[in-house]
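Each remark here refers to the structure printed beneath this line.
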Amino acid sequence: MSGRTHLGMPSFPDASRTSTRNTTLRANLGHATRTIRGKRDRAVAELADWDRLRAAGAAVKDRTLRHLDHYLEQLEERVTAAGGRVHWAPDAAAARRIVTDLVRATGEREVLKVKSMATQEIGLNTALRQAGIAAYETDLAELIVQLGDDLPSHILVPAIHRNRAEIREIFTTRMGDWGRPAPEGLGDDPAELAEAARRHLREKFLRARVAVSGANFMVAETGTLVVVESEGNGRMCLTLPETLISVVGIEKVVPTWQDLEIYLQLLPRSSTAERMNPYTSTWTGTTDGDGPREFHLVLLDNGRTDTLADTVGRQVLRCIRCSACLNVCPVYERAGGHAYGSPYPGPIGAVLTPQLRGTGTALDASLPFASSLCGACYDVCPVAIDIPEVLVHLRERVVEGGPATVRGTRTTIRPAAGHAAERAAMRAATWLLDHPGALRSGQRLAARTRRLHPRRLPGPGAAWTATRDLPRVPAESFRDWWRRNRPEEGTDR
Ligand code: SF4
């Protein structure tokens, strides 16, 4: 069983240096993201009120987050009244323990899984494996990742980095180890590959007695959970087993069904460029003679309350995981999802991961810098998360340190290692801009010596110019030019 985790992965610059040299990966990603981008633009352009819908999506999420305690308590009450049980998991370890204990209590040694980012976030598959429980992924792309002993690299299309020939190879060599083998002479036609996966999974659907899912939304007013998907495999997981355990981040709650209506329009057009999702499954507690007999909801915090305490960063909790920001990001398209070292790659990963996990490791401290700040992610985000604003905010935290909330306690974060030169440069720039006379003298000196300037910086600045040219110093500063050409208008000082 796939036991790979993102733990101990290198920092973003190191990982992306490797992935950008992989020409197959870049070709696969470039083709896939270009195709999805075009389709998404057409689907969004069909709606004349998209901007208003987007503003409503952001406003409802913000209002819900301001009263999150109230809506979560309402949700718990309604789920319980409908025959479900709610478990509160403050962190990943608690969530793993709760789910493992629940599965053990059923006496089963196998669980089906419907694609869930929250369970990847907490490393559930590895924990279950260590407890002697096999977890089978049933989303087609997740199945490819699992059979290939790989890690997901995209929120919606976890195997986006694989092409058809690679998938055929994985199915042919690995399916037999996990259950029904791939048929003899399997080709790489998508319909043939999907059919092989369908037959492989069908055996598991008919046998499974426990399933683990995530959810896209939770409706507080009725205690209803919602999963949207394209394949229908998720619905099989949600309805066939006797016990259903759903692990869901606390930010996924929406107050009412009327609020849900907004997101059921925003999500499909932004993610798969569809007018609505082919399968929308909703379930409320348990119902006699229909679906699972036992239902458990594990509400996952794992850094979300700390994120909520950050007035700039909290907007990332609006995210509905549509992945539109990944598909437009020039950095993601070239570096690929694995470089982000987290189940959440791309622009949203660069702002969500360092908030959920903190900036204590080299990898997490490097993520806010994994962006060109071009702003394309903000333009496409259906809930208007200003990702560039949060990136800059987190960069400041990494370089300068500052106040943050960690496990519910206000604390002061120390600056991350390795940014001393940047800090010194910023302090020097601040002093220079505060002293116009010194700035003018410096500019004149730089202009006079411009022919002697190196094209690469020495010492700690070398890393900066390893991938950029130093801009050439002009022969005359703008201030001197202004003074010479507009003497009648004067100068600042
Ligand atoms: S940040 Fe916005 S665009 Fe990116 S996945 Fe979340 S909702 Fe979608």
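The values are calculated or read from the model by the stated rules, or taken from the named source; none is laboratory data. Treat the numbers as computed from the prediction; the structure is a model and nothing was measured. Cβ placement follows ideal geometry from the backbone for every residue including glycine, while neighbour counts extend to all protein chains displayed. To get the accessible areas, we keep the full protein, side chains included, count just its heavy atoms, and leave off ligands, DNA and RNA. Shrake-Rupley method; radii C 1.70, N 1.55, O 1.52, S 1.80 Å.
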Conditions (1) of a type in the set (Val, Ile, Thr); (2) part of a helix (DSSP H, G or I); (3) away from the ligand (no atom under 15 Å from the Cβ); number of the one not met by ILE262: (3)
Are any of the residues in the range 155-176 farther than 20 Å from ARG34 by Cβ and assigned to a loop (DSSP other than H, G, I, E, B)? no
Unmet requirement for TYR332, which otherwise passes all of (1) part of a loop (DSSP other than H, G, I, E, B); (2) within 13 Å of the ligand (Cβ to nearest atom): (1)
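Given the structure, is CYS329 in contact with a Ser or Thr (Cβ under 8 Å, 6 or more places away or on another chain) and crowded, with 18+ Cβ neighbours inside 10 Å? First the steps, then the outcome.
Values: in contact with a Ser or Thr (Cβ under 8 Å, 6 or more places away or on another chain): yes; crowded, with 18+ Cβ neighbours inside 10 Å: yes.
Answer is yes for this residue.
Yes or no: ARG54 in contact (Cβ under 8 Å) with a residue 60 or more places away in the chain and buried (at least 17 other Cβ atoms within 10 Å of the Cβ)?
yes
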Qualifying positions in the range 379-416 - open to solvent by less than 10 Å² (accessible area, probe 1.4 Å), within 16 Å of the ligand (Cβ to nearest atom) and closer than 15 Å to ARG314 by Cα: VAL383, ILE385, ILE387, VAL390, LEU391, LEU394
Among the residues of the range 180-218, which ones are closer than 21 Å to ARG269 by Cα and assigned to a strand (DSSP E or B)? PHE217, MET218
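Residue-by-condition table, conditions (1) over 19 Å from the mean Cα position of the chain (by Cα); (2) modelled with pLDDT of 95 or more:
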{"site": "LYS115", "(1), (2)": "no, no"}
{"site": "THR126", "(1), (2)": "yes, yes"}
{"site": "HIS154", "(1), (2)": "no, no"}
{"site": "ARG168", "(1), (2)": "yes, yes"}
{"site": "THR172", "(1), (2)": "yes, yes"}
{"site": "LEU206", "(1), (2)": "yes, no"}
Subset of the range 444-473, residues surrounded by 12 or more Cβ atoms within 10 Å (Cβ to Cβ) and in a helix (DSSP H, G or I), comes to ARG444, ALA446, ALA447, ARG450, PRO460, GLY461, ALA463, TRP464, THR465
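Results for (1) over 30 Å from the mean Cα position of the chain (by Cα); (2) modelled with pLDDT under 90; (3) not hydrophobic (A, V, I, L, M, F, W, C), shown as yes or no for each residue.
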{"residue": "GLU422", "(1), (2), (3)": "no, yes, yes"}
{"residue": "MET426", "(1), (2), (3)": "yes, yes, no"}
{"residue": "ARG451", "(1), (2), (3)": "yes, yes, yes"}
{"residue": "PRO454", "(1), (2), (3)": "yes, yes, yes"}
{"residue": "ALA466", "(1), (2), (3)": "no, yes, no"}
Residue satisfying all of: in the range 308-326; surrounded by fewer than 20 Cβ atoms within 10 Å (Cβ to Cβ) and β-branched (Val, Ile, Thr); nearest to the ligand (Cβ to nearest atom) among these: VAL312
Among the residues of the range 92-103, count how many are open to solvent by 70 Å² or more (accessible area, probe 1.4 Å) and either in contact with an Asp or Glu (Cβ under 6 Å, 6 or more places away or on another chain) or more than 14 Å from GLU294 (Cβ to Cβ) (or both). 2
Against the definition (among the β-branched types (Val, Ile, Thr), touching a strand residue (DSSP E or B) at 6+ places or on another chain (Cβ under 8 Å) and surrounded by fewer than 15 Cβ atoms within 10 Å (Cβ to Cβ)), how does THR80 come out, yes or no? yes
Checked pairs for the range 408-436, first of a type in the set (Val, Ile, Thr), second in a helix (DSSP H, G or I) and open to solvent by less than 60 Å² (accessible area, probe 1.4 Å), C-beta under 8 Å and 6 or more apart or across chains, list as ILE413/ARG397
Given (1) of a type outside the set (A, V, I, L, M, F, W, C); (2) surrounded by fewer than 23 Cβ atoms within 10 Å (Cβ to Cβ); (3) in contact with an Asp or Glu (Cβ under 9 Å, 6 or more places away or on another chain), where does GLY176 come up short, assuming only one miss? (3)
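Take the conditions under 23 Å from PRO90 (Cα atoms), assigned to a helix (DSSP H, G or I) and of a type in the set (S, T, N, Q) and apply them to THR311. Does it pass? I'd like the intermediate steps shown before the answer.
Working: under 23 Å from PRO90 (Cα atoms): yes; assigned to a helix (DSSP H, G or I): no; of a type in the set (S, T, N, Q): yes.
Judged against the criteria, THR311 is not a match.
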So ASP150 passes all but one of these: (1) in a loop (DSSP other than H, G, I, E, B); (2) among the acidic types (Asp, Glu); (3) surrounded by fewer than 17 Cβ atoms within 10 Å (Cβ to Cβ). Which condition number does it fail? (3)
Flagged pairs (Cβ under 7 angstrom, 6 or more apart or on separate chains; first in the range 8-24, at pLDDT below 85; second surrounded by 14 or more Cβ atoms within 10 Å (Cβ to Cβ) and not hydroxyl-bearing (Ser, Thr, Tyr)) are MET9/ALA15; MET9/GLY341; MET9/LEU363; PRO10/LEU363
Report yes if some residue within the range 288-299 is closer than 29 Å to GLY232 by Cβ, without any contact (Cβ under 8 Å) to a residue 60 or more places away in the chain and within 13 Å of the ligand (Cβ to nearest atom); otherwise report no. no
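Do we have any residue at all in the range 131-140 that's in a helix (DSSP H, G or I) and farther than 20 Å from SER19 by Cα? Reasoning before the result, please.
Our first condition is that a residue be in a helix (DSSP H, G or I); within the range 131-140, this holds for 140.
In the following step, the residues that additionally are farther than 20 Å from SER19 by Cα were identified as 140.
The answer is yes; a qualifying residue exists.
Return the only residue of THR305, THR280, THR353, THR284 being open to solvent by 30 Å² or more (accessible area, probe 1.4 Å), closer than 20 Å to ASP386 by Cα, among the polar types (S, T, N, Q) and modelled with pLDDT of 95 or more. Steps first, answer last, please.
Values: THR280 fails: closer than 20 Å to ASP386 by Cα; THR353 fails: open to solvent by 30 Å² or more (accessible area, probe 1.4 Å); THR284 fails: closer than 20 Å to ASP386 by Cα.
After applying the criteria, what remains is THR305.
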Can you name the condition, by its number, that LEU367 falls short on among (1) open to solvent by 20 Å² or more (accessible area, probe 1.4 Å); (2) within 16 Å of the ligand (Cβ to nearest atom); (3) assigned to a helix (DSSP H, G or I)? (1)
The range 235-247, residues that are surrounded by 22 or more Cβ atoms within 10 Å (Cβ to Cβ) and among the β-branched types (Val, Ile, Thr): ILE245, VAL247
Residue ranges of helices (runs of 4 or more DSSP H) in the range 43-121 with at least 2 members in contact with a His (Cβ under 8 Å, 6 or more places away or on another chain): 92-106
